[in-house]
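Here's a structure for you.
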Amino acid sequence: MTSIGTALNPYAQYGSAYARAAAVPSLAATLSGDGTAGDLSTSNSATTLTLSDAARAQLAKAPLPDFATVTSDARITLDRLYTVAGVKGPIVDGKTSIDLSSLDRRSLFAISTNNGGKFTPDEQAVAAGELKQRFDAALAPSLATTRLTGDYSVAYKAALDYLDGASPEEKATAIWASQRTAVLKGYQATQQDPATAPSGITGDPIAAALAGATPPAKGNSRDFSSVASDVRAFLDRQRSEAASNGKELVYDPRRKTGQLADLSALDNRSLSAISLNQDQKFSVEEIYAAKQELNTRTRLAVLDALKQSMSAGDPRQFSLGILKQYSSMSAEERQATNWTPDFQDAAIKNYKSTSTLLSLLKS
């Protein structure tokens, strides 16, 4: 049985050796890379971390390099990863031996399609697996929100956005075109009646996923203790850099002296590791700073949901935004931000009651 990522994924056909990759690495991105949903992660002994949304937005503004350059750079990156990991290929003893999360979607597409004939079947397979996991991670919150609210437009819109985010090379494939056509038909149907599941659409992967025939992969969430260890190393590096500059690393922006710690590159699960401090690795100052950063991001997420609701002229979008945010969070993130099941239940009730009122107004 394949996952929805495979069904929607134009790369799966190129990964002939994917069955040999029993374990795919986490989706964490290195500081110089692009991740979709990442945790802090390590590949063997190397510590990696995700880019902040602001940093990725800045990178997105840069003009696209030509595909030949992307392909060559991907080949160089793979060879470098092998050297760092001390391996000769991407699969060792049936498991993935390197972390491809530092590669962006376009680079992974180049590898999975063997552009320029530069990549082995194993490399193509592992790249296809990484792309599939990124898609699954991107779509999972919206699928969960659809199941909670009965609003099918949420899942179809998420899939449509993901497909539209493809590179020009990916969009030029027949597979991408057919998949987008199917998803677009489903999305258009939900615009007429969001509470009714679209049916009769050839090749519609969302319908299969929501019916349970091809559930999305859950991914390989890293052990929370390992995440905490990586964050500890990340902060220690900042302390060492500050000391080399003759400064103390500080966590309070009101301090007049010292080098202010930068937590912006950490994802929310990593910040939660500091905030919860389950392994007693962090100081009071570090915990407070992480909580402040998490609170700021939470407020911005709520405000963004409210803004989208107002711009769409649909009050239900606020509850949908909250539910999508809740579904995308790990258990640790929910605990750290105090987003309890009661919070989720309240958002569901608000969505349903608002939908009822809007229906009455239309009748």
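Within the stretch 326-363, work out how many residues are among the aliphatic types (A, V, I, L, M) and under 21 Å from the mean Cα position of the chain (by Cα).
3
Taking the residues in the stretch 188-232 that are among the acidic types (Asp, Glu) and either open to solvent by less than 50 Å² (accessible area, probe 1.4 Å) or in contact with a Leu (Cβ under 9 Å, 6 or more places away or on another chain) (or both) as candidates, determine which candidate is modelled with the lowest pLDDT.
Asp230
For the condition at pLDDT below 50 and either within 19 Å of Pro168 (Cα to Cα) or not in a strand (DSSP E or B) (or both), what is the one hit in Gly116, Gly89, Gly38?
Details: Gly116 fails: at pLDDT below 50; Gly89 fails: at pLDDT below 50.
The conditions single out Gly38.
Checking Met310 against (1) closer than 23 Å to Ala138 by Cα; (2) surrounded by fewer than 19 Cβ atoms within 10 Å (Cβ to Cβ); (3) not acidic (Asp, Glu), which test does it fail?
Evaluating Met310 over (1) closer than 23 Å to Ala138 by Cα; (2) surrounded by fewer than 19 Cβ atoms within 10 Å (Cβ to Cβ); (3) not acidic (Asp, Glu) leaves (1) as the failure.
Kindly list, by first and then second residue, each pair from a residue in the stretch 62-81 that is within 27 Å of Ser97 (Cβ to Cβ) and of a type in the set (A, V, I, L, M) to a residue that is open to solvent by 70 Å² or more (accessible area, probe 1.4 Å) and outside any helix (DSSP H, G or I), limited to pairs with Cβ atoms under 8 Å and residues at least 6 apart or on different chains.
From residues that are within 27 Å of Ser97 (Cβ to Cβ) and of a type in the set (A, V, I, L, M), the pairs are Ala74/Lys118.
Count, please, the residues in the stretch 319-358 that happen to be over 30 Å from Ala289 (Cβ atoms) and open to solvent by 70 Å² or more (accessible area, probe 1.4 Å).
Residues that pass the stated criteria total 4.
Regarding Thr190, is this residue assigned to a loop (DSSP other than H, G, I, E, B) and hydroxyl-bearing (Ser, Thr, Tyr)?
No: the conditions fail for Thr190.
Surrounded by fewer than 18 Cβ atoms within 10 Å (Cβ to Cβ), farther than 23 Å from Pro65 by Cα and basic (Lys, Arg), is that true of Lys185?
Details: surrounded by fewer than 18 Cβ atoms within 10 Å (Cβ to Cβ): yes; farther than 23 Å from Pro65 by Cα: yes; basic (Lys, Arg): yes.
Yes; evaluated as a whole, the condition is true for this residue.
Within the stretch 278-303, which residues are in a loop (DSSP other than H, G, I, E, B) and either touching a residue at least 12 places away in the same chain (Cβ under 8 Å) or farther than 17 Å from Glu332 by Cα (or both)? Don't jump to the end; show me each part of the working.
Here is the first cut: in the stretch 278-303, the ones in a loop (DSSP other than H, G, I, E, B) are 278-283.
Residues satisfying the conditions are Gln278, Asp279, Lys281, Phe282, Ser283.
The values are calculated or read from the model by the stated rules, or taken from the named source; none is laboratory data. Computed from a predicted model, the values in this text were never measured in an experiment. Positions of Cβ are generated from backbone atoms using ideal geometry, with glycine treated the same way; all protein chains shown enter the neighbour counts. Surface areas here come from the heavy atoms of the whole protein model, side chains and all, with no ligands, DNA or RNA. Shrake-Rupley method; radii C 1.70, N 1.55, O 1.52, S 1.80 Å.
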